Amino acid sequence: MAGKTLYDKLWDAHLVKQRDDGTALIYIDRQLLHEVTSPQAFEGLRLANRQPWRVDANLATPDHNVPTTSAERLAGVDGIEDETSRIQVKTLDENCDEFGIVEHGINDPGQGIVHVVGPEQGATLPGMTVVCGDSHTSTHGALGALAHGIGTSEVEHVLATQCLIQRKMKNMLVRVDGTLGAGVTPKDVVLAIIGKIGTAGGNGCAIEFGGQVFRDMSMEGRLTVCNMSIEAGARAGMVAVDDTTIEYVKGREYAPKGDDWGKAVAYWNTLHSDADAEFDIVVELDGTDIKPQVSWGTSPEMVLPVDATVPNPADESDPVKSNGISRALEYMGLEAGQDISSIPVDRVFIGSCTNSRLEDLREAAAVAKGRKVADSVKQVLIVPGSQAVKAKAEAEGLDKVFTDAGMEWREPGCSMCLAMNADKLGNGEHCASTSNRNFEGRQGFGGRTHLVSPAMAAAAAIAGHFTDVRQMMEA
Amino acid sequence: MEKFTVLQGIAAPMDRANVDTDMIIPKQFLKSIKRTGFGVNLFDELRYLDEGYPGQDCSVRPINEDFALNKPRYNGASILLARENFGCGSSREHAPWALVDYGFRAILAPSYADIFFNNSFKNGLLPIVLEENIVDDLFKSTEANDGYQLTIDLDAQLIKRPDGDDIPFDVDPFRKHCLLNGLDDIGLTLQDADAIREFEGGWKQQCPWLFGAIK
């Protein structure tokens with residue numbers, strides 16, 4: 001019999017009951033909650049007169065709606081100018097109070113984007129099952145956990161039963177061997193993967209990211225890669241536990257301590273695919289070939305290396321795809337055959353659950369240092385992923401590097417990734433964004449998003465258009 | 001949840017691939033703390049020519065006449081024809097809430113994104129997977145015939161069309177059972193509460209650090 005994959009091991013360890021119809025009850029160790037996808041779940045509990053199964057399995061923080069200017073943040077929840085946003089954040093506070101769930105409120109030192117806060121506090125750990133009403137929950141798989149996004153009905157289901165009804169997914173291995181070149185980042189790796197397999201490439205699968213590139217990658221880099229599994233269609237993405245994982249977790253607030261630490265490490269060291277494990281699908285890329293990436297269209301699979309040209313719909317034989325390219329070019333205001341580097345940038349956003357951790361900010365600051373934002377660029381927002389990231393970045397003086405370059409240093413939250421707060425694009429504006437989705441209207445009505453790494457975003461801010469950051473590094 | 005047994009209704013076309021949940025219901029409408037009222041903002045950026053915001057009177061907004069759902073022939077449609085990877089992106093359950101609130105009860109497409117697919121069943125919305133050539137053919141029939149109607153019989157797992165053979169479809173037996181009977185998953189899962197408690201006890205022995213750390 002073939003060995004087990006990492007996903008098989010995590011699944012088997014959490015299997016409460018396999019039903020005859022192919023569905024299973026899977027035990028959930030951690031649920032992260034935020035203000036947008038939880039109110040209807042709590043309301044459901046109240047209407048059915050149910051209590052949470054296990055309060056200590058949950059951790060909440062507001063992130064999607066919170067304002068990011070210091071002025072608007074000062075007065076806390078009551079200071080949120082937008083009434084509907086304020087009500088939603090208040091509702092989270094009230095629900096957590098009522099049900100006894102620990103919440104890091106709007107200006108608490110533990111506040112931040114759920115997917116930054118979880119790993120940073122050791123609230124998400126190797127070997128756990130993690131859910132959240134947010135598709136980017138796949139992020140936590142970087143720790144060697146089974147983590148995925150769920151809908152609000154499932155949020156309520158997990159609150160009430162501590163279980164999720166699931167059907168086992170297929171095993172997919174994305175192996176990237178070789179060594180990344182200077183200026184090529186984890187974001188470029190995941191964008192290149194999505195460009196290769198497409199936004200539906202991982203549908204029905206749990207992806208394991210394996211190979212030399214991921215073994216060499218930092219924990220924060222792995223979080224970036226797993227974060228965007230969902231953009232490849234996979235609900236869950238994961239990386240095997242190794243010394244990098246264990247070093248990262250050690251000493252974090254909610255991580256095991258004392259005797260438990262040794263026991264935990266012994267267990268975590270088993271969390272890798274067996275040498276003879278079989279995958280349903282294997283995809284391979286050579287990391288040495290990956291260049292800095294820029295998305296040109298309205299789906300994350302519409303992505304190319306920075307030295308490429310915008311594609312021509314006439315070159316695509318599949319009519320549905322050709323039609324998709326034409327629509328994307330029209331929405332994005334681009335011409336077929338245009339150089340990617342000729343696309344001007346109106347605004348730049350460095351942040352989101354994909355790229356708002358300390359290493360991301362360091363990477364952007366290394367490019368911004370001693371340089372100025374181009375006059376043609378209207379705004380550059382730097383939004384740290386959590387209060388803890390913000391404090392560390394400030395201790396290193398990164399905030400000063402950014403503000404000296406003419407960039408804005410903001411308070412933690414999801415911000416312009418999805419523009420639920422005041423941070424948004426104007427109609428027709430192009431944005432170099434370190435977020436995860438370039439869908440129509442995602443960053444604001446008529447806004448045109450180009451997904452890039454933090455280094456490439458900073459380079460675009462300085463140049464006023466997309467440019468190969470590797471050339472700025474040589475200068 | 002409302003039961004789903006037999007649905008007869010007009011089919012409306014949404015002829016593009018990779019329709020994401022941001023397109024189905026844009027983020028500004030996610031600030032609601034309710035499950036209802038999203039229908040008027042379904043496909044907001046495609047349906048209307050101006051920028052939408054919560055609480056607006058949508059009856060006076062400028063309409064995009066080219067958008068299929070705005071054409072009188074698709075008035076009252078309850079079946080949506082769609083292309084591959086429908087519902088990709090954000091996990092927002094507001095997407096199926098908006099589709100159901102608008103009046104859709106079934107979707108026919110070659111494939112769906114996983115989270116959307118799951119969320120739909122929990123809201124009495126039946127997403128059916130059909131071969132691409134069958135979907136193509138239904139698009140053609142819908143466009144060629146004003147008021148084109150289909151009948152979906154969930155128990156028999158058949159789509160009855162007025163101009164051709166019945167189309168059989170697959171559906172997960174558990175989800176079918178829940179839809180046919182309008183059952184709430186939570187109640188069903190709680191019937192296994194003893195099994196959950198038993199698992200939890202063993203798991204706590206094995207991984208004590210997973211319990212009680214957050215308080």
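The values are calculated or read from the model by the stated rules, or taken from the named source; none is laboratory data. Predicted model, so just to flag it, every value in this text is computed and none were measured. All Cβ positions, even for glycine, are placed from backbone atoms using ideal geometry, and neighbour counts span all protein chains on display. Heavy atoms of the whole protein, side chains included, go into the accessibility calculation; ligands, DNA and RNA do not. Shrake-Rupley method; radii C 1.70, N 1.55, O 1.52, S 1.80 Å.
The one condition from (1) surrounded by fewer than 22 Cβ atoms within 10 Å (Cβ to Cβ); (2) in a helix (DSSP H, G or I) that A:Asn227 does not meet is (1).
Each row is one residue, and each column tells you yes or no for (1) of a type in the set (Phe, Trp, Tyr); (2) at pLDDT 95 or above; (3) more than 30 Å from A:His465 (Cβ to Cβ).
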site	(1), (2), (3)
A:Ala255	no, yes, yes
A:Trp268	yes, yes, yes
A:Gly297	no, yes, no
A:Thr309	no, yes, no
A:Asp315	no, yes, no
A:Asp318	no, no, yes
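Look at the stretch B:13-39: where a residue is without any contact (Cβ under 8 Å) to a residue 24 or more places away in the chain and at the interface with chain A (Cβ under 7 Å from one of its Cβ atoms), no partner that is open to solvent by 30 Å² or more (accessible area, probe 1.4 Å) and small (Gly, Ala, Ser) sits 6+ places away or on another chain with Cβ atoms under 6 Å. Total residues in the stretch A:285-326 satisfying the condition of being within 14 Å of chain B (Cβ to nearest Cβ) and small (Gly, Ala, Ser): the figure is 6. Annotation: A:Ala458 fulfils all but one of (1) in contact with a Lys or Arg (Cβ under 9 Å, 6 or more places away or on another chain); (2) closer than 21 Å to A:Tyr331 by Cα; the unmet one is (2). Take the stretch A:1-39 and flag every residue that is touching a Pro at 6+ places or on another chain (Cβ under 9 Å), charged (D, E, K, R) and modelled with pLDDT of 95 or more. Across the stretch A:1-39, the qualifying residue is only A:Glu35. Tally the residues that are out of contact with any Phe, Trp or Tyr (no Cβ under 6 Å at 6 or more places or on another chain), more than 14 Å from chain A (Cβ to nearest Cβ) and within 21 Å of B:Ser111 (Cα to Cα), restricting the search to the stretch B:157-184. The qualifying residues number 8.
Can you tell me which residues in the stretch B:101-124 are more than 12 Å from every other protein chain (Cβ to nearest Cβ) and part of a helix (DSSP H, G or I)? If you could, list the steps in order and put the result at the bottom.
Filtering the stretch B:101-124 down to residues more than 12 Å from every other protein chain (Cβ to nearest Cβ) leaves B:101-108.
Answer for the stretch B:101-124, where residues must be more than 12 Å from every other protein chain (Cβ to nearest Cβ) and part of a helix (DSSP H, G or I): B:Asp101, B:Tyr102.
Confirm whether A:Asp274 is away from chain B (no Cβ under 14 Å) and either part of a strand (DSSP E or B) or closer than 28 Å to A:Glu440 by Cβ (or both).
Working: away from chain B (no Cβ under 14 Å): yes; either part of a strand (DSSP E or B) or closer than 28 Å to A:Glu440 by Cβ (or both): no.
Considered against the rule, which asks whether it is away from chain B (no Cβ under 14 Å) and either part of a strand (DSSP E or B) or closer than 28 Å to A:Glu440 by Cβ (or both), A:Asp274 comes out as no.
Condition check for A:Arg167 on (1) facing chain B (nearest Cβ under 7 Å); (2) in contact with a Ser or Thr (Cβ under 7 Å, 6 or more places away or on another chain); (3) open to solvent by 10 Å² or more (accessible area, probe 1.4 Å): one failure, at (1).
Identify, from the list A:Asp20, A:Asp8, A:Asp12, the residue that is free of Cβ contacts under 8 Å to residues at least 12 places away in the same chain, of a type in the set (D, E, K, R) and more than 20 Å from B:Glu200 (Cβ to Cβ).
Values: A:Asp8 fails: free of Cβ contacts under 8 Å to residues at least 12 places away in the same chain; A:Asp12 fails: more than 20 Å from B:Glu200 (Cβ to Cβ).
The match here is A:Asp20.
The set of residues in the stretch A:405-429 being touching a residue at least 24 places away in the same chain (Cβ under 8 Å) and open to solvent by 30 Å² or more (accessible area, probe 1.4 Å) consists of A:Gly406, A:Glu408, A:Trp409, A:Ala422.
For the stretch B:21-58, which residues satisfy the criterion of being of a type in the set (Asp, Glu) and in contact with a Ser or Thr (Cβ under 7 Å, 6 or more places away or on another chain)?
Narrowing the stretch B:21-58 to residues of a type in the set (Asp, Glu): B:22, B:44-45, B:50-51, B:57.
Of everything in the stretch B:21-58, just one residue is of a type in the set (Asp, Glu) and in contact with a Ser or Thr (Cβ under 7 Å, 6 or more places away or on another chain), namely B:Asp22.
Please enumerate the residues belonging to the stretch B:169-215 that are among the aliphatic types (A, V, I, L, M), within 30 Å of A:Glu120 (Cα to Cα) and at pLDDT below 95. Steps first, please.
Narrowing the stretch B:169-215 to residues among the aliphatic types (A, V, I, L, M): B:171, B:179-180, B:183, B:186, B:188, B:190, B:193, B:195-196, B:210, B:213-214.
The next check asks that each one be within 30 Å of A:Glu120 (Cα to Cα); those that pass are B:196, B:210, B:213-214.
Listed by number, the residues that qualify are B:Ala213, B:Ile214.
With respect to being within 13 Å of another protein chain (Cβ to nearest Cβ) and surrounded by 13 or more Cβ atoms within 10 Å (Cβ to Cβ), B:Ile152 falls outside the description. Condition (residue is more than 26 Å from A:Arg371 (Cα to Cα), of a type in the set (A, V, I, L, M) and within 12 Å of chain B (Cβ to nearest Cβ)) applied to the stretch A:409-416: is it met by at least one residue? No, the stretch A:409-416 has no match at all. Residues of the stretch B:10-36 that are surrounded by fewer than 18 Cβ atoms within 10 Å (Cβ to Cβ) and either under 22 Å from B:Ala113 (Cα atoms) or at pLDDT 95 or above (or both): B:Asp15, B:Arg16.
For every residue, the table says whether it meets (1) in contact with a Ser or Thr (Cβ under 6 Å, 6 or more places away or on another chain); (2) within 12 Å of another protein chain (Cβ to nearest Cβ); (3) crowded, with 24+ Cβ neighbours inside 10 Å.
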{"site": "A:Gly100", "(1), (2), (3)": "no, yes, no"}
{"site": "A:Val116", "(1), (2), (3)": "yes, no, yes"}
{"site": "A:Thr124", "(1), (2), (3)": "no, yes, yes"}
{"site": "A:Thr137", "(1), (2), (3)": "no, yes, yes"}
{"site": "A:Gly149", "(1), (2), (3)": "yes, yes, yes"}
{"site": "A:Thr152", "(1), (2), (3)": "yes, yes, yes"}
{"site": "A:Val158", "(1), (2), (3)": "no, yes, yes"}
{"site": "A:Leu180", "(1), (2), (3)": "no, no, no"}
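Residues in the stretch B:27-48: is at least one over 25 Å from A:Asn421 (Cβ atoms) and polar (S, T, N, Q)? Within the stretch B:27-48 (the criterion being over 25 Å from A:Asn421 (Cβ atoms) and polar (S, T, N, Q)), the answer is no, since none of the residues qualifies.
To keep it simple, each residue is scored yes or no on (1) within 22 Å of A:Glu154 (Cα to Cα); (2) charged (D, E, K, R).
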site: B:Ser111; (1), (2): yes, no
site: B:Asp114; (1), (2): yes, yes
site: B:Asn119; (1), (2): yes, no
site: B:Ala156; (1), (2): no, no
site: B:Asp194; (1), (2): yes, yes
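Taking the stretch B:63-97 as the range and being part of a loop (DSSP other than H, G, I, E, B), away from chain A (no Cβ under 14 Å) and open to solvent by 20 Å² or more (accessible area, probe 1.4 Å) as the test, the residues that pass are B:Glu65, B:Lys71, B:Asn75, B:Gly76. The residues on offer are A:Gln31, A:Gln18, A:Gln51, and the sole one that is of a type outside the set (A, V, I, L, M) and crowded, with 20+ Cβ neighbours inside 10 Å is A:Gln31.
Among the residues of the stretch A:434-448, is there at least one that is surrounded by 18 or more Cβ atoms within 10 Å (Cβ to Cβ), hydroxyl-bearing (Ser, Thr, Tyr) and assigned to a loop (DSSP other than H, G, I, E, B)? Full working, then the answer.
Keep residues of the stretch A:434-448 that are surrounded by 18 or more Cβ atoms within 10 Å (Cβ to Cβ), which gives A:434-445, A:447-448.
Filter once more, so that each one left must be hydroxyl-bearing (Ser, Thr, Tyr): A:434-435.
Retained after the next criterion (residues that are assigned to a loop (DSSP other than H, G, I, E, B)): A:434-435.
Yes; the residues of the stretch A:434-448 include at least one that is surrounded by 18 or more Cβ atoms within 10 Å (Cβ to Cβ), hydroxyl-bearing (Ser, Thr, Tyr) and assigned to a loop (DSSP other than H, G, I, E, B).
Taken over the stretch A:54-66, the residue count meeting the criterion of being over 23 Å from A:Cys163 (Cβ atoms) and open to solvent by 10 Å² or more (accessible area, probe 1.4 Å) is 1.
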